[in-house]
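Here's the structure we're looking at; comments come further down.
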Amino acid sequence: MTEKAQPIHNEYIIEWKKRVLDTKSASFCGAKWYNASMWLNAGWTASCFHNPIHQIDVEAIAINPKALHNTPQKKQERKMMQEGEKPLNCQFCWVMEDVDDKNISDRVWQSTQFSEDDLQKAFDNSHEDDYNLGYLEVSFDRTCQMACSYCNSSISSTWAKDIRKNGRYEGLITDGRNHYVSPSDDVQPYEFPNANSYVDAFFKWWDSDLHRTLQVLRITGGEPMMSGHTWKLLDWLRNNPNKSKTRIEMTTNLDYDHETLMRFLDNVDRIDQEFWIYTSGENLGAKSEYVRDGHEWERWRTNLETVYNSGLIGNVSLMATMSAPSTDGFVEFLEFLLDQKRSRGSEWLRMSVNPVRFPTFHNIAVLPMEMRLRYSQDILNFMARDEVQKLFTTFEKEHINRFAVYLEKMDVPHQEYEYDMAELPKDFKRFYTQYDQRRGKNFTATFPNLADWYNSL
Ligand code: SF4
């Protein structure tokens with residue numbers, strides 16, 4: 001008899017949620033006050049990576065750099081959360097909670113980062129107040145040497161090159177955000193080291209007080225190691241010892257030459273701050289190289305070894321980005337992860353799992369239900385092993401199990417815009433046919449388990 005996917009309910013977190021969040025309102029989330037993502041090349045922000053982005057007012061930041069985060073839209077959503085209403089932009093969390101009201105959605109995980117005092121202040125005070133950030137995820141620019149299948153030209157310069165050279169991807173009718181239509185050159189009007197008002201405001205805020213108040217600065221991209229602004233910040237940190245206690249985190253593909261990696265590690269060695277790394281992975285070898293175009297599995301593995309052997313990085317985590325094809329082969333990757341943990345301990349490569357929802361045809365919704373159930377069951381069988389239960393952290397078990405539940409139960413990937421569910425598999429095929437031609441790849445040879453289904457589309 002097959003086991004049903006069930007959410008894992010962490011008793012401590014459930015109790016914390018009841019005591020700290022539910023006593024405020026049914027929709028309260030600390031991320032709306034103390035957490036932000038920013039794409040400074042384009043001047044965009046969001047409260048977390050599940051939220052759609054919105055534009056930062058360039059005139060407002062010239063007067064007050066805190067307006068990078070405290071935008072009118074966020075202030076309005078804070079008001080809604082104080083009153084127990086659910087902002088539409090936070091749908092990722094509401095869908096997760098609707099699947100099972102005991103599901104621990106990201107609004108809970110996000111909120112646990114902040115002190116109970118700070119959360120209380122956020123709830124009690126006016127939604128119009130400006131708040132200093134506790135956590136900031138920042139992209140200085142979109143420069144990246146890779147062009148992963150589910151990414152796009154607004155966050156990868158290599159994706160922009162593909163569209164500039166080969167033109168738009170044709171015939172995709174469910175992609176409401178138009179990911180593959182233009183090189184999106186408008187999102188990066190400035191090239192380093194030319195002036196960019198948003199980056200300038202960031203460094204002004206950083207220099208005045210952000211370096212004191214921020215607990216975590218997470219640098220993303222593009223690929224942060226390819227951005228001149230990252231190296232400028234590392235220079236600041238090297239030249240201002242003992243000034244800041246902010247932990248620096250890098251979301252990095254770890255897929256570049258040895259010299260770049262050693263330059264980074266040499267900086268880390270000379271800076272007081274604690275550094276963490278978040279890298280990506282969800283498939284092995286050829287499957288991984290297919291989904292993440294530009295990635296070289298062996299180079300990534302070698303760089304991971306170099307990071308581990310350096311002993312300089314406080315924590316190295318792994319982000320699994322689950323598109324439909326990467327679901328095939330995920331369990332094999334979990335075996336690799338288990339093997340890493342056997343020799344390096346539970347905390348090494350702590351994995352989070354996030355389904356791709358945009359463009360919608362990359363979501364697991366394109367797969368036939370019998371395949372989804374089989375993948376879900378394979379994950380559950382893996383997770384049921386005693387050794388896995390012992391070596392994977394509670395956070396990982398929660399995330400991986402949640403993905404098994406998602407595979408089994410998810411009906412609607414999102415409701416941000418309308419799309420025809422029946423068109424998703426067709427768009428999937430239209431996309432990967434063009435991706436194969438442009439990138440010299442072969443979907444069916446790489447994913448033989450999906451070949452019959454793919455050929456039938
Ligand atoms: S409720 Fe969810 S989607 Fe909204 S800000 Fe919080 S974590 Fe992000």
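The values are calculated or read from the model by the stated rules, or taken from the named source; none is laboratory data. Since this is a predicted model, take the numbers as computed values, not measurements. Heads up, the Cβs are rebuilt from the backbone with ideal geometry, glycines too, and the neighbour counts pull from every protein chain shown.
Figures for the structure shown
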quantity	calculated
Every residue from the stretch 376-393 that is part of a helix (DSSP H, G or I) and either of a type outside the set (Asp, Glu) or closer than 29 Å to residue 174 by Cα (or both)	376, 377, 379, 380, 381, 382, 383, 388, 389, 390, 391
Pair list, Cβ under 7 Å, 6 or more apart: the stretch 82-107 residue under 18 Å from residue 403 (Cβ atoms) and assigned to a loop (DSSP other than H, G, I, E, B), other residue away from the ligand (no atom under 12 Å from the Cβ) and among the polar types (S, T, N, Q)	104/10
Filtered residue count, the stretch 98-107, keeping only those that are touching a helix residue (DSSP H, G or I) at 6+ places or on another chain (Cβ under 8 Å) and either closer than 14 Å to residue 414 by Cα or more than 8 Å from the ligand (Cβ to nearest atom) (or both)	5
Test for residue 74: is it assigned to a helix (DSSP H, G or I), within 16 Å of the ligand (Cβ to nearest atom) and modelled with pLDDT of 95 or more	yes
Residues located in the stretch 45-57, provided they are outside any loop (DSSP other than H, G, I, E, B) and either away from the ligand (no atom under 14 Å from the Cβ) or at positive phi (or both)	55
Members of the stretch 416-457 found to be hydroxyl-bearing (Ser, Thr, Tyr), modelled with pLDDT of 95 or more and either over 16 Å from residue 371 (Cα atoms) or assigned to a helix (DSSP H, G or I) (or both), listed by number	432, 433, 435, 444, 446, 454
Qualifying positions in the stretch 82-99 - more than 25 Å from residue 358 (Cα to Cα) and either of a type in the set (A, V, I, L, M) or surrounded by 18 or more Cβ atoms within 10 Å (Cβ to Cβ) (or both)	82
Unique residue being assigned to a loop (DSSP other than H, G, I, E, B), more than 10 Å from the ligand (Cβ to nearest atom), among the aliphatic types (A, V, I, L, M) and in contact with a helix residue (DSSP H, G or I) (Cβ under 7 Å, 6 or more places away or on another chain) when the list is 26, 67, 60, 42	42
Selection count, the stretch 126-137, where residues are within 16 Å of the ligand (Cβ to nearest atom) and not hydroxyl-bearing (Ser, Thr, Tyr)	5
Options 318, 338; residue that is among the aliphatic types (A, V, I, L, M) and assigned to a helix (DSSP H, G or I)	338
Matching residues, the stretch 166-182, being aliphatic (A, V, I, L, M) and either touching a residue at least 40 places away in the same chain (Cβ under 8 Å) or crowded, with 20+ Cβ neighbours inside 10 Å (or both)	172, 173
Candidates 192, 140, 114, 123, filtered to the one that is more than 16 Å from the ligand (Cβ to nearest atom) and modelled with pLDDT of 90 or more	140
Residue 365 vs. criteria in contact (Cβ under 8 Å) with a residue 24 or more places away in the chain and assigned to a helix (DSSP H, G or I)	yes
Close pairs (6 angstrom Cβ cut-off, 6 or more residues apart or separate chains): crowded, with 16+ Cβ neighbours inside 10 Å in the stretch 42-70, acidic (Asp, Glu) anywhere	66/130; 70/130
Check on residue 403, crowded, with 18+ Cβ neighbours inside 10 Å, among the hydrophobic types (A, V, I, L, M, F, W, C) and assigned to a helix (DSSP H, G or I)	yes
Positions within the stretch 378-389 being of a type outside the set (D, E, K, R), in contact (Cβ under 8 Å) with a residue 24 or more places away in the chain and crowded, with 18+ Cβ neighbours inside 10 Å, in sequence order	379, 380, 382, 388
Count - residues of the stretch 114-148 that are touching a strand residue (DSSP E or B) at 6+ places or on another chain (Cβ under 9 Å) and within 30 Å of residue 288 (Cβ to Cβ)	9
Residues satisfying the stated conditions in the stretch 426-457, i.e. free of Cβ contacts under 8 Å to residues at least 12 places away in the same chain and acidic (Asp, Glu)	436, 452
Some residue of the stretch 394-415 being more than 25 Å from the chain's Cα centre (by Cα) and more than 30 Å from residue 169 (Cβ to Cβ)	no
